[in-house]
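Some notes on the structure that comes next.
The values are calculated or read from the model by the stated rules, or taken from the named source; none is laboratory data. In this text, all values refer to a predicted model and were calculated from it rather than measured experimentally. Cβ coordinates were reconstructed from backbone atoms using ideal geometry, including for glycine residues, and neighbour counts include every protein chain displayed. The accessibility values were calculated without ligands, DNA or RNA, using every heavy atom of the protein model including side chains. Shrake-Rupley method; radii C 1.70, N 1.55, O 1.52, S 1.80 Å.
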Amino acid sequence: PMFKLNENYLQLNQSYLFSKITKKVDDFINTNPDAEIIRLGIGDVTRPLPATVINNMHKAVEEMAVKETFRGYGPEQGYGFLREKIAEIDFKKRGINIDADEIFVSDGSKSDTGNIGDILGDSNTIGITNPVYPVYLDTTIMRIGKTEQIKLLVCNEENNFLPEIPTEPIDVVYLCYPNNPTGTVMNRKELKRWVDWALSNDSLILYDAAYEAFVNDTEVPRSIFEIADAEKCAIEFRSYSKNAGFTGLRCSYTIVPKALKAKVQGGECVSMNMLWGRRQSTKFNGTPYIVQRAAEAIYSSEGQKEVNDLVSYYMNNARAIRNGLLAKGMTVYGGDNAPYIWLKCPNGIDSWTFFDELLNKCHIVGTPGVGFGSAGEGYFRLTAFNSHEKTEEAVSRMNTNL
Ligand code: PLP
């Protein structure tokens, strides 16, 4: 008999989104070779890494060249020098008690949000928003198949693109705030409702805070652990990709609190921190030393300032796009506490029709909302990660030509 494959992979939605965008843009360039295209589509950053990050990395490279300071395999969970700074500056300084041994340094939140299912049972019901960052949905399908266990939580204009507390039983829910793609945020009260729901239902919240650095509003929590007792029901994912420009360098971390326990069949309580530690040390050999030194640099006072400047740079772009669209009378979400602007396509047209219109009339590339799920139909995502100059030019083109 022939070997078998994981047929769950065959149930994945074919991701035509970015290839379809590339084809449309290529066709447009072929017929309009002189048009200057502005890309507000992809979620990758454009500013170079901060100087302190580069300096620390240079030093680490030199250490690797010398017998006495060379490093081989490091601790799978990350070096203490980085984990202690994370605990101190990202948490204790903001009044949140997280210990260094609750922090797992990794090579990206894509890996961690994708791999976390390894320590979850296959019989859980899983809540996933629609629209969504596709990794949660696709990795869940890879693991358990496209089953009734996957419960889509629709986010639309009626609920301001924030999911409602489930009325049916859900064991595990992925939440991401500030949100990709909608740019929406949950305030403290709204997030507390989710934490209270999870605690009273013995459910787990997988909280993706990849965009926490973009929060301006003091009513909006930057960590789920700002909410009382969240350490008993949540895992949080953090990334250096967007705040510090690490999309190419690769570094992130995940908080698995020691207070987070799961009951097993015999009634015994098992630590999720212990389980994730076991998973990581078995399947992952650690983030490179040089990269962890690069990440450490952002916790110096100079590094903190540089990161704040990067975030402000992109948030100025977000504001420019948001205000430009609002001034045209368009319906817009996000862009105030997130680097994403989620706009309602004008005159009831669909996401792809608006894509074509924006490309043809303004020579701007964005992302059709329907690419993030069926509830994204009729919406469109623009990102704040291009340069000031190009973003201003894009806003002016939309103002004149849309
Ligand atoms: N989570 C969300 C919501 C994202 O939008 C992204 C990247 O776009 C990631 C995680 C992945 O981040 P990383 O670069 O750390 O893998």
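Taking the stretch 115-134 as the region of interest, how many residues are open to solvent by 20 Å² or more (accessible area, probe 1.4 Å) and closer than 22 Å to Lys242 by Cα?
Within the stretch 115-134, residues that are open to solvent by 20 Å² or more (accessible area, probe 1.4 Å) and closer than 22 Å to Lys242 by Cα number 3.
Cβ-Cβ distance below 8 Å, separation of 6 or more or different chains: which pairs start in the stretch 361-378 with a residue that is assigned to a helix (DSSP H, G or I) and end on one that is open to solvent by 20 Å² or more (accessible area, probe 1.4 Å) and of a type in the set (Asp, Glu)?
Gly369/Glu377; Val370/Asp350; Val370/Glu377
Every residue in the stretch 142-194 that is free of Cβ contacts under 8 Å to residues at least 24 places away in the same chain and either surrounded by 15 or more Cβ atoms within 10 Å (Cβ to Cβ) or of a type in the set (Ser, Thr, Tyr) (or both), please.
The answer is Thr147, Thr167.
Which numbered condition in (1) under 17 Å from Ile205 (Cα atoms); (2) outside any helix (DSSP H, G or I); (3) within 16 Å of the ligand (Cβ to nearest atom) is the only one that Leu152 fails?
(3)
Which ones in the stretch 110-136 are within 12 Å of the ligand (Cβ to nearest atom), under 17 Å from Gln11 (Cα atoms) and in contact with a strand residue (DSSP E or B) (Cβ under 7 Å, 6 or more places away or on another chain)?
Tyr136
Given the condition farther than 18 Å from Asn160 by Cα, away from the ligand (no atom under 16 Å from the Cβ) and part of a strand (DSSP E or B), answer yes or no: does some residue in the stretch 179-198 qualify? Break it down stepwise before answering.
First, pick out the residues of the stretch 179-198 that are farther than 18 Å from Asn160 by Cα: 195-198.
Filter once more, so that each one left must be away from the ligand (no atom under 16 Å from the Cβ): 195-198.
Subset that is part of a strand (DSSP E or B): none.
So far as the stretch 179-198 goes, no, none of its residues is farther than 18 Å from Asn160 by Cα, away from the ligand (no atom under 16 Å from the Cβ) and part of a strand (DSSP E or B).
Which is in a loop (DSSP other than H, G, I, E, B), open to solvent by 10 Å² or more (accessible area, probe 1.4 Å), farther than 18 Å from Gly114 by Cα and more than 16 Å from the ligand (Cβ to nearest atom), of Asn285, Asn216?
On the way: Asn285 fails: farther than 18 Å from Gly114 by Cα.
Going through Asn285, Asn216 in turn, the sole match is Asn216.
Out of (1) within 26 Å of Pro75 (Cα to Cα); (2) among the β-branched types (Val, Ile, Thr); (3) part of a loop (DSSP other than H, G, I, E, B), what's the single condition that is false for Val132?
(1)
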